[in-house]
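Here's the structure we're looking at; comments come further down.
All of the numbers you see were taken from the coordinates with simple rules; none came from a lab. Remember, predicted model here, so these are calculated numbers, not experimental data. Positions of Cβ are generated from backbone atoms using ideal geometry, with glycine treated the same way; all protein chains shown enter the neighbour counts.
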Amino acid sequence: MLSICIKKRQGDLDMELDIQLPAQGISAIFGRSGAGKTSLINMISGLVRPDQGQIALGDEVLFDSRRNIHLRPEQRRIGYVFQDARLFPHYSVEGNLRYGSRKTNPKQFADVIELLGIGPLLLRAPSTLSGGERQRVAIGRALLSQPRLLLMDEPLASLDMPRKRELMPYLERLAAEVQLPILYVSHSLDEVLRLADHLVLLDKGRAPLQGPLEEVWGSAQMRPWFAAEDLSCVLNARVLSQEPKWQMTQLSLGEDLPLWVRSIEMPAGQQVRLRIRANDISIVRTRAQHSSIRNVLPARIEALEPDESGHQMAVQLCIGSHRLWAHITLWAASELGLSVGDEVFAQIKGISLNQTDWAAHGGRP
Amino acid sequence: MLSEYEWQALILSLKISSVAVLWSLPPGILLAWLLARGRFPGKALLDSLIHLPLVLPPVVIGYLLLIGMGRQSMIGGWLYESFGLSFSFSWRGAALASAVVAFPLLVRAIRLSLEAVDRRLEEAAHTLGAGRLRVFATITLPLTLPGILAGTVLAFARCLGEFGATITFVSNIPGETRTLPLAMFSFIETPGAEAEAARLCVIAIVVSLAALLFSEWLARLTRRRLEGAC
């Protein structure tokens, strides 16, 4: 458990944070640029000293203004992957990787190299690497310093699209294979969704929202952060059965709430994470009899929020224990006479799942 | 090719300059670091003091050394009594005079290079568990190396050419303090020795040129190592 309760004035930004993070899995810190994301992890790493408050990792106090405790970065054993990699130019890749190794552990060295695919780069100089390769070496270097916590400051932000695609699978493998709590700073909801289990929203130096990803993602406070067409929700479902004839897989959202998706090769009982866009859900009063849409689930209306543009309505639906957003036009909402508490049916047209997503989250609750 | 007299002056010049620069390096790096990174009252004054030999007439420095470091003076007397170390009228004094005159050049080059070191790399090293000393030895110092080399060569060249402070402080003693410039001065003073003076002039040019070429080569080598092109 990492607990942070600090105040810090930095330039124009007045930070006042109270954050609790779990001791395992990936926690994303999400916010616009200037929200104080980098300042926050600089304070966790010890590079920046908060004005007051305390930071503790498990039982160990890293910072406490009242007791005048401020461990230096080198005393904290917290790995840090910087946005700009910061490889040492006068060391080879191997020299960089070994810089922080407390004890040489050939097994771990080999594992990290294999995980990040940097074996062929060992003798190269950092200046000859591509951006994605540099980030991989920086990640390896941080992992090999045997940290208790890994901080990653937008490792994809400085890369172009092809490089992002190149690095993403490595990050997903990292998330799945390394038994190490990771704090991942990002301003991309897409990255957050693919990697994180836990989400902290940072806005103007405050953290108004934090919790397990599925909860935070679907909450009403999160809605302003999505572009209207990107509004979506994230659900955890369980694999029920396979339908080989039509290449479909049946998932379960709870009792009597089956959901059909295109075939995925996973054993029954496995947890999967899926994302459903608000634009892919439509609402009907009565269950359609002859419809091409396979997934029609009973739902109750939790909230109705008209869009600022004045022609769309965001409807929060409750299906079983899950909350979903649906986008319909104001016209349709008025014609159907929808109001909070109504029982309706949600027709789900599209569900996105991708292979790497399952791999990253396979085996974890 | 060279006469014994010329050899003597040349070797003495090289010896005095090398000793002066090598002894200046540790305090030079320390002061450059203080000026580049330190924040303390009197920093501007210290900066000016270090740069003073650059603008003072060398004869003033020689005179001050004579007063301050002579065997009759406080510091010089104490050094002689405690360590048997005497500067006056010896090659050590010549090295001290050269070191004082060349010191600002050394500090300046190292300081500029230190200021150009990316602090973020030092932060990265700290997060990898390296303490301050290790960061300085493995990150800061190697990245400052081009500046240290440039400063060393510059200071060395300045020492080779030192004349005023040396002749004031330790006089012009053959085999002890008569470096190339002093030897040349002696020939110019002597009627009918124009040819000898001209020969020394050529030697001085060759040595200086060699030093500059060497520094250029070193700079290119370190730059290539730092940028890591294989």
Entries in A:Lys37/A:Lys164; A:Lys7/A:Lys164; A:Lys7/A:Lys204; A:Lys8/A:Lys204 that, when Cα-Cα distance is taken, lie over 22 Å: A:Lys7/A:Lys164
18 Å cut-off, amide nitrogen to a point 7 angstrom out along A:Arg287 Cα→Cβ, residues in the range A:295-322: A:295-301, A:318-321
Just the Cα atoms of the range B:4-227: what Rg and Dmax do they give in Å? 19.8, 70
One finds the C-alpha centres of the range B:152-230 and the range A:173-187 to be spaced, in Å, by 60
Max mean-square fluctuation residue, GNM over chain A, Cα-Cα springs under 10 Å, options A:Ala278, A:Ala125, A:Ala227: A:Ala227
Can you give me the long-range amide H partners of B:Ser88? Hydrogens built in the peptide plane at 1.01 Å from N, cutoff under 5 Å, separation of 5 or more residues or another chain. B:Arg71
Shape call, the range B:111-203: gyration tensor on alpha carbons, a/c limit 1.5: prolate
Compute the Rg to Rh ratio over the range A:269-361 from the alpha carbon atoms, using the Kirkwood formula for Rh, and round to two decimal places. 1.01
Given the convex hull of the Cα atoms of the range A:93-226, what is a quarter of its surface area in nm²? 9.1
For the range A:44-117, just say rounded, prolate or oblate: build the C-alpha gyration tensor, square-root its eigenvalues into a ≥ b ≥ c, call rounded for a/c under 1.5, and beyond that prolate if a/b exceeds b/c, oblate if not. prolate
Here the convex hull volume per residue of chain A, taken over Cα atoms and given in Å³, is 167
Evaluate 2.2 N^0.38 Å with N set to the residue count of the range A:2-213, then give the Cα radius of gyration divided by it. 1.00
Set the Förster radius R0 to 25 Å, insert the Cβ-Cβ distance between A:Ile69 and B:Arg39 as r into 1/(1 + (r/R0)^6), and round the FRET efficiency to 0.05. 0.55
Run the reach check for A:Lys245 against lysines, Cα to Cα strictly under 30 Å, same-chain hits fewer than 8 apart removed. What comes back? A:Lys349
More than 16 angstrom separation, counting every C-alpha pair in the range B:71-110; what % is that? 46
